[in-house]
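For reference, the structure I am asking about is given below.
Just so it is clear, none of the values below were taken in a lab; they were calculated from the coordinates. Computed from a prediction, not measured in an experiment: that's the story for all the values here. All Cβ positions, glycine included, derive from the backbone under ideal geometry; neighbour counts span all protein chains shown.
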């Protein structure tokens with residue numbers, strides 16, 4: 001919980017009394033690896049702060065999983081559009097590894113927004129960050145080669161994600177075939 | 001200006017004193033049709049509330065314009081990722097028709113965030129709305145047919161945009177060839 005407190009102090013200058021309000025509303029949850037936390041068609045009730053673990057979001061396209069996001073220790077994750085709009089999710093949220101998270105429900109977030117502008121600020125920053133992330137990804141999917149995409153991924157993503165997300169999951173996220181990713185990785189390690 | 005006041009009262013329950021603070025910071029600008037307001041490579045200094053007019057954002061792909069967003073009277077527009085991150089824009093913002101807008105600079109927004117949680121709320125709502133819009137568009141681009149895309153467009157977008165944005169601009173937005181859009185429109189008007 002200390003990690004979240006530290007992040008929120010840095011990010012939104014949360015005071016001790018504000019932290020105490022939030023702390024009491026957080027619910028700690030433990031999930032085994034490969035647990036589905038949010039299913040397609042269900043409304044995402046919560047956003048999760050990852051204390052320890054590795055998670056991904058994905059959707060199904062013609063029966064195939066297409067990864068859209070990875071997050072690990074110290075990061076937030078949800079089926080974000082479902083969470084903010086409170087409409088059925090088009091995605092799944094699943095743990096890749098055993099994970100411990102703190103969940104914040106939509107009702108709690110709405111309540112927090114009324115308590116302090118700091119929580120509105122948190123909501124704004126999360127929304128802006130998610131917007132920039134999806135815009136950046138969409139743009140790079142269009143303009144980068146497979147090798148450029150992979151180099152950008154290992155450069156921009158958390159080390160834990162780069163090292164511990166299985167290669168076929170990364171390939172699915174980058175929109176390239178697993179064999180192409182293997183070729184790219186061989187080429188990079190040679191050059 | 002009354003329109004903006006009304007929208008903000010509904011959206012973020014802006015009080016009269018808060019409105020007066022904002023009002024003094026708005027700068028009215030007039031642009032002729034086909035004026036470029038933000039260029040690729042430049043940082044978007046402002047977000048614009050459209051009092052009257054029609055605008056679009058687009059980027060260049062292999063020298064071709066690809067539309068990403070349209071907005072008209074009563075709506076906000078900018079090169080949004082550039083505005084919130086204060087990094088060079090990948091897009092152009094251009095008027096389609098003569099337009100009157102109220103501009104709010106990034107510096108002003110930052111100042112407003114500190115004054116009242118209502119402005120943080122506005123920032124959050126704009127970011128969430130933009131996020132949902134881009135996610136929705138990306139998803140529909142992947143799963144809908146040309147006809148479904150067009151029906152979704154005329155159903156979901158403001159009437160003024162549907163009626164007054166040139167057809168080739170709509171085709172570019174929907175990611176379909178202008179000839180395909182003509183075929184779709186003929187098919188819809190017959191059936």
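Please work out the FRET efficiency for the pair residue A:179 and residue B:142, using the Cβ-Cβ distance as r and a Förster radius of 25 Å; give the result to the nearest 0.05.
My answer for the efficiency is 0.65.
From other protein chains only, count the Cβ atoms within 10 Å of every residue's Cβ in A:110-123, then give the mean.
Per residue, the average neighbour count from other chains is 4.
Let me ask something else. Other chains' Cβ within 10 Å of A:131-144 residues: what's the mean?
Rounded to a whole number, the mean comes out at 4.
Would you give the gap between the C-alpha center of region A:111-128 and the C-alpha center of region B:27-87, rounded to a whole Å?
So the two Cα centres are separated by 27 Å.
Now for a separate question. When A:55, B:26 are ordered from fewest to most other Cβ atoms inside 10 Å of their Cβ, what list results?
B:26, A:55
So if we plug the beta-carbon distance of residue B:158 and residue B:13 into 1/(1 + (r/R0)^6) with R0 = 22 Å, what FRET efficiency do we get, rounded to 0.05? Could the numbers behind the result be given before it?
Working: r = 24 Å, r/R0 = 1.08.
Given R0 = 22 Å and the Cβ-Cβ separation, E is 0.40.
How well do other chains shield peptide B:14-22, expressed as the mean number of their Cβ atoms within 10 Å of each residue Cβ?
Rounded to a whole number, the mean comes out at 0.
Using a label position 7 Å from Cα in the Cα→Cβ direction, what is the ascending list of nm distances from residue B:61 to the same site in the other copies?
Taking the point 7 Å beyond Cα along Cα→Cβ, the inter-copy spacings are 1.3 nm.
Now for a separate question. Once the principal axes of the Cα atoms of chain A are found, what is the range along each, listed largest first in whole angstroms?
54, 35, 31
On to the next question. How would you rank A:68, A:138, going from fewest to most other Cβ atoms within 10 Å of each one's own Cβ?
Taking fewest neighbouring Cβ atoms as first place, the list is A:138, A:68.
Oh, and also: What are the radius of gyration and Dmax of the protein assembly as shown, computed over its Cα atoms and given in Å?
Final numbers for Rg and Dmax: 22.0, 66 Å.
Multiply the residue separation of residue B:6 and residue B:65 by 0.36 nm, subtract the distance between their alpha-carbon atoms, and state the gained length in nm to one decimal.
Numbers: separation 59, 0.36 × 59 = 21.24 nm, distance 3.47 nm.
Contour length minus the Cα-Cα distance gives 17.8 nm.
When only Cα pairs under 8 Å and 6 or more residues apart are kept, what is the percent relative contact order across region B:1-158?
Values: 249 pairs, mean separation 43.0, N = 158.
Relative contact order here is 27 percent.
Using a 7 Å offset from Cα along the direction of the beta-carbon, what are the separations from residue B:10 to the same position in each other copy, nm, ascending?
Spelled out, the distances from residue B:10's label point are 4.1 nm.
On to the next question. Could you give the distance between the Cα centres of region B:159-173 and region A:137-181, to the whole Å?
If you average the Cα positions of each part, the centres end up 35 Å apart.
If you don't mind, another one. In the calculated pair distance distribution of region B:75-136, what percentage of Cα-Cα distances lie above 16 Å?
For region B:75-136, the fraction of Cα-Cα distances above 16 Å is 54 percent.
Where the label is 7 Å out from Cα toward Cβ, how close does residue B:179 come to the same position in every other copy, in nm, shortest first?
List, nearest first: 3.4 nm.
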